[in-house]
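Have a look at this one before I ask anything.
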Amino acid sequence: MEFFTKIRLKFYNKGKSANEIKILKEQGQIEIINNFFKNLLYVEYRMKIMSKMEVYNGESRIKHQILRIYPNDFNLENKNLLGQLGGYLKK
């Protein structure tokens, strides 16, 4: 799965760029880097993904690319689901 800088920065909560992490590593500030990535664990996101099949050297592969990433908004998700269920109850 690949995602580019614009999407990656949203995923990292507008955190640190790869260059900033590299500088921290060179300065030996590993604890800051570890804490940064620990804060990304167990966080749920909604993603819009594009998948396509490619053939390379006669071998088929599926390539996935993240187009958009959103933090989960459970309140909005529940409203949408309840609205959809209400539509079924009216039928």
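Does at least one position in the range 50-60 carry a residue that is modelled with pLDDT under 80 and not acidic (Asp, Glu)?
Initial filter on the range 50-60 (modelled with pLDDT under 80): none.
Scanning the range 50-60, I find no residue that is modelled with pLDDT under 80 and not acidic (Asp, Glu), so the answer is no.
Residues of the range 37-91 being within 19 Å of the chain's Cα centre (by Cα), more than 28 Å from Leu24 (Cα to Cα) and in a loop (DSSP other than H, G, I, E, B), which ones?
Asn72, Asp73
The values are calculated or read from the model by the stated rules, or taken from the named source; none is laboratory data. Given the structure is predicted, the values throughout are model-derived calculations rather than measurements.
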